[in-house]
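The values are calculated or read from the model by the stated rules, or taken from the named source; none is laboratory data. Nothing here was measured: the structure is a model prediction, and the numbers come from that model. Backbone-built Cβ (ideal geometry, glycine too); neighbour counts: all protein chains shown.
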């Protein structure tokens, strides 16, 4: 059968959804609500004795293909503290034309703490992905988040030369929009151009929201000093660091260092990330 004929065949599409709610409890939080629909699942491994409860997201299909849809609703109730991460790097495969979509809604209550620590998203050449992150924070909620993207399977000599990444972030504090960000990559010239990604193989963001943003900014700047391409800024109680690297492993290591330091200095937590992140 020819490639053209294959493209006309109806394909199976993933339509996964997860709803996770944490309520306050000794040690940080307890699971208060859970709904999940394959291929999106959540696991709850035992955390280290001195650390916070974990929710680990798993895509049971082994990756994301064109036309797949994933949605996550995450609620951290007032005074709860928890960590949410992915089991491994998320692979987004080459698409035959349809976009994959990921919609994440995060709600963090009063005096709550959330760490949103997914591992890298790896875009295969030809992948098409649209993601939207809608974050709602109560007046005194705090959140530490990261996001990293790897452009192509570098170990296989692959680069992201065609396809689509469209990211949108919206963060609201007490219902008021305080930060919005959008990125669209669909032209290799944007990746190669010095005013774009400058040929970087990977890029990432660390975001801290809440009291202590000035201290978080100082830590971000100190820890990225000497890193090839990085910058950090603050908008009100939001501190943001951006990094780009030719080596995805170097980017991952630096992101991990920043995250571990901020959680230790600003939340009194161990200076380490969950073991899954360290693999």
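The table that follows gives values for the structure above.
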{"quantity": "Test result for residue 148, at pLDDT below 95 and closer than 28 Å to residue 272 by Cβ", "calculated": "no"}
{"quantity": "Checking residue 75 against (1) under 13 Å from the mean Cα position of the chain (by Cα); (2) closer than 19 Å to residue 55 by Cα; (3) at pLDDT 95 or above, the condition it does not meet", "calculated": "(1)"}
{"quantity": "Residue list for the stretch 176-187, restricted to those being in a strand (DSSP E or B) and either within 17 Å of residue 148 (Cβ to Cβ) or touching a strand residue (DSSP E or B) at 6+ places or on another chain (Cβ under 9 Å) (or both)", "calculated": "177, 178, 179, 180, 181, 182, 183, 184, 185"}
{"quantity": "Answer from 205, 190, 261 - the residue that is surrounded by fewer than 18 Cβ atoms within 10 Å (Cβ to Cβ) and either in a strand (DSSP E or B) or within 20 Å of the chain's Cα centre (by Cα) (or both)", "calculated": "261"}
{"quantity": "Unique match (being surrounded by fewer than 16 Cβ atoms within 10 Å (Cβ to Cβ) and at pLDDT 95 or above) among 7, 13, 37", "calculated": "37"}
{"quantity": "Cβ pairs under 7 Å, 6+ apart, first in the stretch 75-91 and at positive phi and surrounded by fewer than 18 Cβ atoms within 10 Å (Cβ to Cβ), second outside any strand (DSSP E or B) and at pLDDT below 95", "calculated": "none"}
{"quantity": "Check on residue 229, over 19 Å from the mean Cα position of the chain (by Cα) and modelled with pLDDT under 95", "calculated": "yes"}
{"quantity": "Some residue of the stretch 1-10 being outside any strand (DSSP E or B), free of Cβ contacts under 8 Å to residues at least 40 places away in the same chain and within 16 Å of the chain's Cα centre (by Cα)", "calculated": "no"}
{"quantity": "So residue 251, is it touching a strand residue (DSSP E or B) at 6+ places or on another chain (Cβ under 6 Å) and either in a helix (DSSP H, G or I) or modelled with pLDDT under 95 (or both)", "calculated": "yes"}
{"quantity": "Filter result for the condition that a residue is under 22 Å from residue 54 (Cα atoms), part of a helix (DSSP H, G or I) and in contact with a strand residue (DSSP E or B) (Cβ under 9 Å, 6 or more places away or on another chain), over 223, 276, 219", "calculated": "276"}
{"quantity": "Checking residue 196 against (1) within 30 Å of residue 109 (Cα to Cα); (2) part of a loop (DSSP other than H, G, I, E, B), the condition it does not meet", "calculated": "(1)"}
{"quantity": "Filtered residue count, the stretch 36-81, keeping only those that are outside any strand (DSSP E or B) and either in contact with a strand residue (DSSP E or B) (Cβ under 7 Å, 6 or more places away or on another chain) or farther than 23 Å from residue 163 by Cβ (or both)", "calculated": "22"}
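Residues are listed down the side, and each one gets a yes or a no for (1) surrounded by fewer than 20 Cβ atoms within 10 Å (Cβ to Cβ); (2) without any contact (Cβ under 8 Å) to a residue 12 or more places away in the chain; (3) closer than 24 Å to residue 255 by Cα:
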{"residue": "96", "(1), (2), (3)": "yes, no, no"}
{"residue": "100", "(1), (2), (3)": "no, no, no"}
{"residue": "120", "(1), (2), (3)": "no, no, yes"}
{"residue": "132", "(1), (2), (3)": "yes, no, yes"}
{"residue": "141", "(1), (2), (3)": "no, no, yes"}
{"residue": "153", "(1), (2), (3)": "yes, no, yes"}
